[in-house]
Amino acid sequence: MHRFPSLPLSVLAFTLAAPVPATAVELSLPQPLPIERQVPAARDIAYPGTIELTVDATDVARGVFRIREQIPVAGAGKLYLLYPQWLPGNHAPRGPIDDIANIAITANGRPLAWKRDPVDVYAIQVDVPAGARSIALSFDYVSPTSSSQGRVVMTGDMLSLQWNLTAFYPAGYFTRRIMVAPSAVLPAGWGYGTALEPASPRTSATVAFQPVNFETLVDSPLLAGRHFRQVQLSPKVRLNVAADHPDELQASTAQIDAHRRLVEQAVKLFGAEHYDHYDFLLSISDRLGGIGLEHQRSSENGVATGYFTRWEEQTARHNLLPHEYVHSWNGKYRRGADLYTPDYSVPMRNSLLWVYEGQTQYWGYVLQARSGLVSPDDTLAYLAMAAAQLDGRPGRQWRPLIDTTNDPIIAARRPQPWTSLQRSEDYYNEGMLVWLDVDMQLRALTGGRRSLDDFARAFFGMRDGDWGTLTYTLDDVVATLNGIAAHDWAGFLRDRVEQARPHAPLDWIAQGGYRLVYSNKPTNFWRIEERRRKVADFSYSLGLVIDSGDRRIEQVIWDSPAFAAGLTNNDSIVALDGESFDGGKLAERIDDATSTRKPIELLVRRGDQYRTVAIPYYGGNRYPRLERTGSGSAWLDMLLKPKG
């Protein structure tokens with residue numbers, strides 16, 4: 001008999017209980033069920049009948065929109081209803097279907113069961129019974145009550161009614177072929193603005209509008225408010241303003257005249273208007289969520305209080321209306337072919353956003369200067385800031401500009417840990433720099449006789465009054481440029497857009513008669529922006545941006561002196577050289593370090609831990625600005641002059 005050695009009983013028990021090795025078991029390997037799309041694809045045919053849509057927007061205390069749709073049906077069978085998912089101007093699938101509640105459907109007064117499609121979760125399916133000519137759909141849109149839940153669209157004093165938030169539409173049809181008769185119930189006494197046409201004079205809280213197709217409806221939001229003002233800027237263009245307080249509506253004659261010149265200069269630039277009429281919808285509020293969203297015949301512009309009343313402090317915000325207005329031509333009328341979709345369930349492709357947004361950014365800043373909304377000096381100061389930021393962005397070493405056009409989808413505008421390394425939606429500002437390069441190259445090729453103004457008229461200015469959608473490809477852009485001045489424009493653009501480049505497109509600066517320099521004193525525009533944003537910005541010296549209120553670091557530039565010292569976003573600065581911290585003291589200390597050669601010492605808190613950080617930086621304060629290089633007329637100055 002085999003004898004066990006003297007072992008502890010616990011080990012002996014484990015040894016006796018050990019399982020006998022068994023034959024290997026074959027692992028289960030399932031096969032996936034096929035994904036079958038049940039929702040019918042859109043067809044370019046007319047939907048039978050007109051949907052009646054009523055939105056009750058009177059529950060401002062709770063921020064609830066109550067909706068009823070009467071939807072005609074052609075007969076019995078399955079009907080799929082879609083909630084808008086891929087929203088125009090968002091460049092991403094952001095339809096907030098999670099804020100939809102209390103869905104109920106009836107036909108002939110009897111309730112019908114509905115269910116969400118398991119693949120297309122923005123679709124609900126209902127079986128229409130025999131004999132039904134229409135179904136009644138009711139639901140609530142429970143809008144965000146704080147910014148942590150999403151954009152606030154309803155307060156006690158104003159509301160932003162975006163119809164895509166408050167309507168389902170039948171699947172299987174181009175949205176431009178689905179007719180809708182919309183109406184809104186507004187709080188008593190509130191004024192409103194929208195590009196929609198009233199069906200009859202307003203006599204009650206309900207405003208009925210003339211029928212439009214669903215695509216036009218989604219493109220025609222409504223702004224309403226207790227404190228409301230409407231100003232005619234031109235025979236075709238109105239400025240509609242809603243504000244938290246009536247004082248915020250008081251604009252001076254000079255301020256209104258600047259907005260009138262914006263319209264005049266835009267029409268002179270493009271040579272055509274792609275709307276029958278146009279409505280700026282401007283909300284001035286610290287409660288309603290801010291916004292800048294383009295539409296064909298209107299735009300949503302949401303700013304904080306002070307737009308008129310603290311005019312000199314709002315310089316950057318005066319770019320919002322020019323930018324969104326330009327989108328009527330660029331982005332709405334002319335649109336990248338891969339961005340146009342037949343309905344709001346089809347993914348949008350953003351490859352030409354550097355034209356859509358980049359050139360709109362370009363014209364927005366040009367028109368703000370030409371109209372006098374912002375001075376040419378402040379406009380040049382902004383261009384210097386954009387050039388410096390993008391030229392020094394480490395992320396450009398690995399990521400080409402065109403890849404950032406995917407950011408609305410893959411990043412969804414969430415906060416990033418290292419924006420300078422990751423890049424963000426750089427197709428806006430770097431796209432603008434590309435078009436500045438194009439403008440100056442056109443001037444160089446033609447001895448100053450032609451410019452991007454000629455491209456604007458040729459590419460965006462045809463077919464006056466057409467407010468449909470005319471799509472384009474990169475080949476169309478290149479062909480138009482070659483019609484102005486022959487050049488290898490395809491190579492010119494692809495090099496700047498499709499290649500990872502060590503430097504931003506900055507040829508326009510020297511060609512335009514300037515150079516980019518760094519001064520130890522900020523421009524006036526820089527100071528205004530620091531106050532407005534409530535930050536102390538040391539991006540080009542230490543490489544960090546600090547919140548002036550809680551002294552938290554908002555951003556650290558990758559590979560900067562602050563980065564090398566181990567600082568990161570959300571660290572808080574407690575003290576500077578053993579004394580209480582503020583941004584002004586740090587600016588002085590940065591200047592002093594150039595002569596004392598003493599490292600800048602910061603006491604930093606991260607969570608409940610404190611540490612002292614020494615930054616051996618001796619390069620002084622560095623603030624970007626554009627500096628003239630000659631005494632003659634500079635092309636960059638000519639670009640910003642109003643057209644006669």
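Do we find a residue being assigned to a helix (DSSP H, G or I) and in contact (Cβ under 8 Å) with a residue 12 or more places away in the chain anywhere in the stretch 192-211? Among the residues of the stretch 192-211, not one is assigned to a helix (DSSP H, G or I) and in contact (Cβ under 8 Å) with a residue 12 or more places away in the chain, which makes the answer no. Among the numbered criteria (1) over 30 Å from F563 (Cα atoms); (2) touching a Pro at 6+ places or on another chain (Cβ under 6 Å), which one does L481 miss? Going through (1) over 30 Å from F563 (Cα atoms); (2) touching a Pro at 6+ places or on another chain (Cβ under 6 Å) one by one, L481 breaks only (2). Comparison of D475, D495 shows that the only residue that is open to solvent by 60 Å² or more (accessible area, probe 1.4 Å), within 19 Å of N330 (Cα to Cα), part of a helix (DSSP H, G or I) and among the charged types (D, E, K, R) is D475.
Residue by residue, here is whether (1) open to solvent by 20 Å² or more (accessible area, probe 1.4 Å); (2) within 19 Å of Y362 (Cα to Cα); (3) touching a Leu at 6+ places or on another chain (Cβ under 8 Å) holds:
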| residue | (1), (2), (3) |
| --- | --- |
| Y427 | no, yes, yes |
| Q441 | yes, yes, no |
| F459 | no, yes, no |
| D466 | yes, no, no |
| T469 | yes, no, no |
| W489 | no, yes, yes |
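Filtered by the rule that a residue be under 30 Å from A536 (Cα atoms), touching a helix residue (DSSP H, G or I) at 6+ places or on another chain (Cβ under 7 Å) and of a type outside the set (G, A, S), the stretch 617-636 gives Y617, Y618, N621, Y623, P624, R625, L626.
The condition of being open to solvent by 20 Å² or more (accessible area, probe 1.4 Å), free of Cβ contacts under 8 Å to residues at least 12 places away in the same chain and more than 18 Å from D547 (Cα to Cα) holds for S595. For the stretch 99-124, a residue qualifies if it is in a strand (DSSP E or B) and open to solvent by 10 Å² or more (accessible area, probe 1.4 Å), and the qualifying residues are I100, A101, N102, I103, A104, T106, R110, P111, L112, W114, K115, R116. Per this entry, A504 is counted among residues that are over 12 Å from W635 (Cβ atoms) and crowded, with 16+ Cβ neighbours inside 10 Å. Out of everything in the stretch 289-338 that is among the aliphatic types (A, V, I, L, M) and free of Cβ contacts under 8 Å to residues at least 24 places away in the same chain, what residue ends up being farthest from F459 (Cα to Cα)? Ranking the qualifying residues of the stretch 289-338, first place goes to A304.
Could we say that R515 is in a helix (DSSP H, G or I) and open to solvent by 80 Å² or more (accessible area, probe 1.4 Å) here? Against the criterion (in a helix (DSSP H, G or I) and open to solvent by 80 Å² or more (accessible area, probe 1.4 Å)), R515 does not qualify.
One line per residue, one yes/no per condition, for (1) open to solvent by 10 Å² or more (accessible area, probe 1.4 Å); (2) of a type in the set (S, T, N, Q); (3) free of Cβ contacts under 8 Å to residues at least 40 places away in the same chain:
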| residue | (1), (2), (3) |
| --- | --- |
| V126 | no, no, no |
| D140 | yes, no, no |
| T145 | yes, yes, no |
| V180 | no, no, no |
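Only residues that are open to solvent by 60 Å² or more (accessible area, probe 1.4 Å) and more than 19 Å from D582 (Cβ to Cβ) were counted across the stretch 599-615, and they come to 4. What about M385, is it over 24 Å from D637 (Cβ atoms) and either aliphatic (A, V, I, L, M) or in contact with a strand residue (DSSP E or B) (Cβ under 6 Å, 6 or more places away or on another chain) (or both)? The answer is no for M385.
The values are calculated or read from the model by the stated rules, or taken from the named source; none is laboratory data. Worth saying up front: this structure is predicted, and the values here are computed from it rather than measured. When we count neighbours, we look across all protein chains shown, and the Cβ atoms used for this are built from the backbone with ideal geometry, even at glycine. Just the protein is used for accessible areas: all its heavy atoms, side chains included, with ligands, DNA and RNA removed. Shrake-Rupley method; radii C 1.70, N 1.55, O 1.52, S 1.80 Å.
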